[in-house]
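A.B. asks: Here it is, the structure in full.
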Amino acid sequence: MIVVMKPGSTKSEVEAVIKRAEQMGVSTHPIYGESRTVVALVGDLTRVSREVFDEMNGVAHTMRIQEPNKLTNRTTQPEDTMIDIAEGVRIGGKEVIVMAGPCSVEDRDSIVEVAIAVKEAGAKVLRGGAFKPRTSPYDFQGLGEEGLKYLAEAREITGLPIITEVMTVETVPLVAEYADILQIGARNMQNYGLLNAVGKVDKPVMLKRGISGLIKELVMCAEYIASNGNHKIMLCERGIRTYETATRNTFDLNAIPVLKQSSHLPVVADPSHGTGFREFVPAMAKAAVAAGADALILEVHPDPENALSDGRQTISTETFSKLMMDLRRIADAVDRYIAEPDVQDIADFAELEAVA
Ligand code: PEP
Ligand code: MN
C-alpha cells in the first residue's frame, strides 16, 4: 500500500504517517519524488486500514499496490527517477548520458588516455573494471585497489565521474570509497547479500541484468537494493543467453520499453556485452537510444585488439567519436539530447598534453 501525500505536505505530516504505520507493525519507505512524496507500507497489511491514513493531515489518498515491486514500480512513483551523479551529470532526465571506457583498467597511462579521449568525444562517465568477473580463473582478474586508484586519477584529470564493478560484500566499502557509481555485474544480479550491502550505501548503483535473468527478476533485485534504503538505482540491459550463437549474447532491446513502462528507474543499455562484437555495437547503441534508453555504457579502448579483456566487443576511440555524432542525431529524433563535448575542457587537455 502507498500513502500519497498532498503537494506541499510538511515533514511532520510525513513523519506522523510513518509513526502510525509503524505502530501497526509494517515497515515504511518514504520516497521523496520531484513533485510528490509517498510513503510505501510493506509487510503484513491485513490489519492496516486505509481509512486511518486517508483521514490524516497532509494525505492526498492511499492506494493498494498489486505488483510485488512496491518501491520500484511506476504506480508508486509515476515520474521518472533522476539520479545526480556529479555536477552536470544527471541520469534519467532528457539528456542521454554516455558512459565509456575499457572493460578493465589496465594501467595508469592507458586509463588516463582513454578518459581524455572519451571525454573529448562527449562521454560524461568513465567506465573501467578493477575487480573483474572472468569466466576463467587464469584470465586477467583486474588490478583491484590499484585499478581504483588509477580510475580516481583519471577522474581528477578529466573531471569524469567513474563507474566500476563491485563483486563481493567485503569490498563494498573499498569500492564505494572510489566509485561514483557502483556496478553490480550480470553474474551477481541475484546475489542478495551483495544487493543488501549496496542498498545500505549512499552511492548510485547500476544493476546489470543476469545472463538468464527475467525482466521481472531484474526489477525484484532492484527492489532488494531499494528496500535497504538506497533508491538511486539504474537498470542495465546487457544481453541475455538464448539459443542464438551468432553473437555473444542476444541484446534484448524489448527490455528497454518494458522496463520504462513498469518501473520509474533509469534504464541503461550495454550493447558491448549485448552483442559481443565491436562491428555490431554502433547499430545497437543507436537502436537503444531510439528505444528510450536513458544512458549507454560502452567499452572503448585505444587499441581494442590488444585489450586485456573483452577486446572483441570493444570499439576504438575513433569509432567512439564518430558514434557519438550519430547518437546525437538519434537522440534529437526521439526528443532527447546528448550534450556536445565541453570545449573549454578540451583546450585544458591540449595544454596538459603539451606540458607532458
Ligand atoms: C563488464 O561490464 O565488463 C562486465 C563484466 O559486464 P557483465 O556483468 O554484464 O558481464
Ligand atoms: Mn567487459
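The values are calculated or read from the model by the stated rules, or taken from the named source; none is laboratory data. Bear in mind that the values here come from a model prediction, so they are computed numbers and not experimental data. Cβ coordinates were reconstructed from backbone atoms using ideal geometry, including for glycine residues, and neighbour counts include every protein chain displayed. Quick note on the areas: whole protein, heavy atoms, side chains included, nothing else; ligands and nucleic acids left out. Shrake-Rupley method; radii C 1.70, N 1.55, O 1.52, S 1.80 Å.
A.B. asks: Tell me which of these S12 doesn't satisfy, since it passes every other one: (1) outside any loop (DSSP other than H, G, I, E, B); (2) crowded, with 17+ Cβ neighbours inside 10 Å; (3) not acidic (D, E).
C.D. replies: Only one criterion is unmet by S12, namely (2).
A.B. asks: Which residues, taken from segment 176-193, are touching a helix residue (DSSP H, G or I) at 6+ places or on another chain (Cβ under 7 Å) and under 22 Å from I297 (Cα atoms)?
C.D. replies: The answer is Y178, L182, I184, N188, M189, Q190.
A.B. asks: Mind checking which residues of segment 305-325 are of a type outside the set (A, V, I, L, M, F, W, C) and open to solvent by 10 Å² or more (accessible area, probe 1.4 Å)?
C.D. replies: E305, N306, D310, G311, R312, S316, T317, E318, T319, S321, K322
A.B. asks: Of these, A285, A222, which one is touching a helix residue (DSSP H, G or I) at 6+ places or on another chain (Cβ under 6 Å), within 16 Å of ligand 1 (Cβ to nearest atom), in contact (Cβ under 8 Å) with a residue 40 or more places away in the chain and not basic (K, R)?
C.D. replies: Exactly one residue qualifies, and that residue is A285.
A.B. asks: Then there's this: Which one of these is more than 16 Å from the chain's Cα centre (by Cα) and under 30 Å from I65 (Cα atoms): L323, L253, L259, L327?
C.D. replies: Every option except L253 fails the conditions.
A.B. asks: While we're on this one: Just one of (1) in contact with a helix residue (DSSP H, G or I) (Cβ under 9 Å, 6 or more places away or on another chain); (2) surrounded by fewer than 19 Cβ atoms within 10 Å (Cβ to Cβ); (3) assigned to a loop (DSSP other than H, G, I, E, B) trips up A293, so point out which.
C.D. replies: Single failed check for A293: (2).
A.B. asks: Looking only at segment 26-47, decide whether some residue is open to solvent by 10 Å² or more (accessible area, probe 1.4 Å) and assigned to a helix (DSSP H, G or I).
C.D. replies: No, there is no match, as no residue in segment 26-47 is open to solvent by 10 Å² or more (accessible area, probe 1.4 Å) and assigned to a helix (DSSP H, G or I).
A.B. asks: For segment 147-160, indicate whether the set of residues that are within 13 Å of ligand 1 (Cβ to nearest atom) and open to solvent by 50 Å² or more (accessible area, probe 1.4 Å) is non-empty.
C.D. replies: Within segment 147-160, not a single residue is within 13 Å of ligand 1 (Cβ to nearest atom) and open to solvent by 50 Å² or more (accessible area, probe 1.4 Å).
A.B. asks: Continuing with this model, one more query. Among the residues of segment 71-81, is there at least one that is under 20 Å from M206 (Cα atoms) and among the aliphatic types (A, V, I, L, M)? Steps first, please.
C.D. replies: Pass one, segment 71-81, residues under 20 Å from M206 (Cα atoms): 71-74, 77, 79-81.
Narrowing the set further to residues that are among the aliphatic types (A, V, I, L, M) leaves 71.
Yes, the conditions are met somewhere in segment 71-81.
A.B. asks: Considering each residue of segment 98-125, count those that are open to solvent by 10 Å² or more (accessible area, probe 1.4 Å) and among the hydroxyl-bearing types (S, T, Y), and give that number.
C.D. replies: 1
A.B. asks: Would you be able to tell me the number of residues in segment 77-97 that are buried (at least 20 other Cβ atoms within 10 Å of the Cβ), under 13 Å from the mean Cα position of the chain (by Cα) and more than 22 Å from Q344 (Cα to Cα)?
C.D. replies: Of the residues in segment 77-97, 4 are buried (at least 20 other Cβ atoms within 10 Å of the Cβ), under 13 Å from the mean Cα position of the chain (by Cα) and more than 22 Å from Q344 (Cα to Cα).
A.B. asks: Right, next: I'm checking my understanding of the structure. Among residues of segment 234-279 that are more than 16 Å from ligand 1 (Cβ to nearest atom) and not in a loop (DSSP other than H, G, I, E, B), which one is least open to solvent (accessible area, probe 1.4 Å)?
C.D. replies: S263
A.B. asks: Quick check on segment 205-213. Is at least one of its residues buried (at least 22 other Cβ atoms within 10 Å of the Cβ) and away from ligand 1 (no atom under 12 Å from the Cβ)?
C.D. replies: Checked against the condition, which is being buried (at least 22 other Cβ atoms within 10 Å of the Cβ) and away from ligand 1 (no atom under 12 Å from the Cβ), segment 205-213 yields at least one hit.
A.B. asks: Could you check, for segment 126-136, whether at least one of its residues is assigned by TED's automatic domain parsing to the domain that holds N196, within 21 Å of the chain's Cα centre (by Cα) and over 22 Å from N188 (Cβ atoms)?
C.D. replies: No, the conditions are met nowhere in segment 126-136.
A.B. asks: Kindly evaluate V105 against the criterion of being closer than 23 Å to A331 by Cβ, out of contact with any Ser or Thr (no Cβ under 7 Å at 6 or more places or on another chain) and assigned by TED's automatic domain parsing to the domain that holds P302.
C.D. replies: No: the conditions fail for V105.
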